[in-house]
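Asks: Below is the structure I would like to discuss, written out as structure tokens.
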Amino acid sequence: MDITLANNLFDNGVFSAMYKAGFITDKIFTYREIYLWITAQIQIRGITKNQAVLEAELKFGKNERTIWRALNCFTNGDKTVSPSD
């Protein structure tokens, strides 16, 4: 899913309404937060994606695979985040 679309759905309350209705789980909120945090760390601090993933493990209390899964759920334009980037 494109992160811009996800942000719009979040801002407009669509995700919240779908969650309350039972159509989606809370995982989408966590994954979005992880994606946005890692993107911000890379842009602001200039760290590598792999370093950001390692730091995200500690910050969010999730394992590395879950962090990569969160990154791979979203795209920015046509580009999917991957370990090789």
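Asks: Could you check how many residues of segment 43-53 are on the phi < 0 side of the Ramachandran plot and surrounded by fewer than 16 Cβ atoms within 10 Å (Cβ to Cβ)? Steps first, please.
Replies: From segment 43-53, those on the phi < 0 side of the Ramachandran plot are 43-45, 47-53; that's our starting set.
Adding the requirement that they be surrounded by fewer than 16 Cβ atoms within 10 Å (Cβ to Cβ) leaves 43-45, 47-48, 50-51.
Looking only at that region, the number is 7.
Asks: How many residues are among the small types (G, A, S) and either part of a helix (DSSP H, G or I) or closer than 17 Å to T66 by Cβ (or both) when one looks only at segment 20-48?
Replies: Looking only at segment 20-48, we keep the residues that are among the small types (G, A, S), and these are 21-22, 40, 46.
Retained after the next criterion (residues that are either part of a helix (DSSP H, G or I) or closer than 17 Å to T66 by Cβ (or both)): 21, 40.
Number of matching residues: 2.
Asks: Considering segment 1-19 alone, what residues qualify as being among the charged types (D, E, K, R) and more than 13 Å from the chain's Cα centre (by Cα)? Lay out the reasoning, then the answer.
Replies: At the first step, the residues of segment 1-19 found to be among the charged types (D, E, K, R) are 2, 11.
The answer is D11, and nothing else.
Asks: If I ask for residues that are outside any helix (DSSP H, G or I) and either at pLDDT 95 or above or touching a Cys at 6+ places or on another chain (Cβ under 9 Å) (or both), which ones from segment 49-79 would you list?
Replies: Narrowing segment 49-79 to residues outside any helix (DSSP H, G or I): 61-63, 74-79.
Listed by number, the residues that qualify are G61, K62, N63.
Asks: Further question: Which number in (1) free of Cβ contacts under 8 Å to residues at least 24 places away in the same chain; (2) surrounded by 12 or more Cβ atoms within 10 Å (Cβ to Cβ); (3) in contact with a helix residue (DSSP H, G or I) (Cβ under 7 Å, 6 or more places away or on another chain) marks the one condition that A6 misses?
Replies: For A6, the failing item is (1).
Asks: Please work out if L5 is modelled with pLDDT under 95 and not in a loop (DSSP other than H, G, I, E, B).
Replies: Working: modelled with pLDDT under 95: yes; not in a loop (DSSP other than H, G, I, E, B): yes.
When the stated conditions are applied, L5 passes them.
Asks: Against the condition outside any loop (DSSP other than H, G, I, E, B), touching a residue at least 40 places away in the same chain (Cβ under 8 Å) and more than 21 Å from E64 (Cβ to Cβ), how does A17 come out, does it pass?
Replies: On the way: outside any loop (DSSP other than H, G, I, E, B): yes; touching a residue at least 40 places away in the same chain (Cβ under 8 Å): no; more than 21 Å from E64 (Cβ to Cβ): yes.
No; evaluated as a whole, the condition is false for this residue.
The values are calculated or read from the model by the stated rules, or taken from the named source; none is laboratory data. None of the values given here were measured: they were computed from a predicted structure. All Cβ positions, even for glycine, are placed from backbone atoms using ideal geometry, and neighbour counts span all protein chains on display.
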